[in-house]
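To keep things clear, I will list the structure first and then write my remarks on it.
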Amino acid sequence: MGRREITIAITSSGQRRILTAHQGRRLKELLSDAGIFFSLPCSGNGRCGKCVVTFKAGAPKATALDEHFLGKKDIDAGRRLLCRCILEDDCEIELDGRQGTNEEEMLVEGAMAETGITAAECDAFGIAIDIGTTTVVSSLVGKDKDEKSHIISNRYSVNHQREYGADVISRIEAASDKEKKKRLQGLICSDLYSMVKSLLKDNNIPEKELSEVVVSGNTTMLHLLRGFDVEGLGRYPYRTESLELEELSLKDLLNEDFESDVRTYLLPGISAFVGADIVSGLYYLDIIKGGKKTLFIDLGTNGEMAFFDGKELSVASSAAGPVFEGGGISCGIASVPGAICHVTIEGERVQYETIEGKAPVGICGTGVIEAVSELRRNDIIDAKGLLCEEHFDTGFPLAEDPEGKSIVVTQSDIRNVQLAKAAIQAGLKELLSGQEPDGIYIAGGFGAGMNVQKIRDLRLFPEDYCDKIVVAGNTSLKGAIKYLKQVLVGREEGDKEELIAISQMAKESILAAKDGFDESYIDALGF
């Protein structure tokens, strides 16, 4: 006897849809086929417990992983891990709350300031795009009659490839399957297509008036966009398909129809883990033109870093993990409204700030880093990173969410912060080789929200570095905008040569292959 057909009601982002499926269908496959966005931070491997959905009716029997991550109260309320759900009966599911709309409302730090110029005052238009692992950010740029360029509008969205994991390694692994690889490409192409269309529509710009698009991003994101094989990015010797500055049409790139042939540029990269986003940042900051010893760090999952000693450019990446973006943390979330982003602790009295001043729902990257630094400053954790006995088993409480659930920093969270900071510290030691930079730029979404003084006790950077640090924001997008402005006025050749020069002159250090790196890493674990 065959499996009977069941009805599934899905509420996501305020919209309700009715789907049908045969008994035994996996929820994640059903949502994927229906084009409904969901996030699997650990790529659906049941390691993180973050893909929580709520069954209003027809909840399946709780699995062992549901019981491990959620507890009896949540299970009784109908909550389940999306990645574990197998549907057997008619049901009603809500993706909002912990799993759904919060991520769609993600705050993008360091967005470009709009100039107040309207599209009506410009006669040529281009769009700059930065494809991040977590978010996709774009700026609409217009050229006026005096050949001056202006930022007219910004737009951002979640990178919907998060359906296959929060980090590049998860997506590389997923792309080893041909169908998943095709879907990964389709998701990012859809994100870009929607973004371009929305920017034009919102500013009353006819599609035929868009002439240029410039795209930056890390190597994995650009490879997935192009449909390239990414398996070589995930294992030594980390081979790439292309790191060149590419020029093609937007229609061919996205496989979508446009009224005009929009020239599209993909900025060049350096290696598998030091991509176009880093080249774009170095180009924007004019680092190789300055002649000074300058350190550039993008504090993200890969911890990319570059050092220009006045003559030579050295680059490296150090696997910091997703901590700086709130990943791998028990109560961690992305930078959404209600995320705890700043923390001050005096004794055991906690003061915190949340994004947009909303009720606390979790803790984002800056919040967890500041919290750990403050715990160390107050001797609630010791120099080895151990929580005091009172909080060792249950974690240190920061706040309660609207449902009364405690938002805590656990011993495991502290250990993950230690691993991330050790990766950065050890990487910097190897990259600098005893030299001291004159200036330091911190880029990326985490860097945009970072308060250097608040994290001194974390020992992420040497004490004498802190006064040299400049928080630079999203330099990947800023570099794409800089190049787009040159393209719009037909003066891009010099800048094109500079971008190519940066990508070609860089010498990459493979940190894991360096003698002494493991020792440096272990030494950097403590506070």
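Below, the figures for the structure above:
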read-out: Test result for Val137, touching a strand residue (DSSP E or B) at 6+ places or on another chain (Cβ under 9 Å), closer than 22 Å to Pro322 by Cβ and modelled with pLDDT of 90 or more; value: yes
read-out: In the range 252-300, residue surrounded by the most Cβ atoms within 10 Å (Cβ to Cβ) [restricted to those that are within 16 Å of Ala128 (Cα to Cα) and more than 26 Å from the chain's Cα centre (by Cα)]; value: Val262
read-out: Counted residues, the range 37-82 - those being in a loop (DSSP other than H, G, I, E, B), aliphatic (A, V, I, L, M) and buried (at least 17 other Cβ atoms within 10 Å of the Cβ); value: 3
read-out: Whichever residue in the range 344-363 is in contact with a Leu (Cβ under 9 Å, 6 or more places away or on another chain) and either touching a residue at least 60 places away in the same chain (Cβ under 8 Å) or under 22 Å from Thr135 (Cβ atoms) (or both) and, among such residues, is surrounded by the most Cβ atoms within 10 Å (Cβ to Cβ); value: Ile363
read-out: Selection within the range 124-160 - part of a loop (DSSP other than H, G, I, E, B) and either basic (Lys, Arg) or in contact (Cβ under 8 Å) with a residue 40 or more places away in the chain (or both); value: Gly132, Thr133, Thr134, Lys145, Glu147, Lys148, Asn159
read-out: Residues of the range 471-496 satisfying the condition of being closer than 27 Å to Gly439 by Cα and in a loop (DSSP other than H, G, I, E, B); value: Asn474
read-out: Some residue of the range 2-10 being part of a strand (DSSP E or B), surrounded by fewer than 18 Cβ atoms within 10 Å (Cβ to Cβ) and more than 31 Å from the chain's Cα centre (by Cα); value: yes
read-out: Scan of the range 409-423 for residues that are surrounded by fewer than 20 Cβ atoms within 10 Å (Cβ to Cβ) and either hydroxyl-bearing (Ser, Thr, Tyr) or closer than 25 Å to Ile510 by Cβ (or both), ordered by number; value: Thr410, Ser412, Leu419
read-out: Verdict on Asp438 being under 20 Å from Met305 (Cβ atoms) and among the charged types (D, E, K, R); value: yes
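Residue-by-condition table, conditions (1) without any contact (Cβ under 8 Å) to a residue 24 or more places away in the chain; (2) in contact with a Ser or Thr (Cβ under 6 Å, 6 or more places away or on another chain); (3) closer than 30 Å to Phe396 by Cα:
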{"site": "Ser433", "(1), (2), (3)": "yes, no, no"}
{"site": "Gly439", "(1), (2), (3)": "no, yes, no"}
{"site": "Ile442", "(1), (2), (3)": "no, no, yes"}
{"site": "Leu458", "(1), (2), (3)": "no, yes, yes"}
{"site": "Pro462", "(1), (2), (3)": "yes, no, yes"}
{"site": "Ala480", "(1), (2), (3)": "no, yes, no"}
{"site": "Lys485", "(1), (2), (3)": "no, yes, no"}
{"site": "Glu493", "(1), (2), (3)": "yes, no, no"}
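The values are calculated or read from the model by the stated rules, or taken from the named source; none is laboratory data. Keep in mind that this is a model prediction, so the values were computed, not measured. Because the Cβ atoms are built from the backbone with ideal geometry, glycine has one as well, and the counts that use them run over all protein chains shown.
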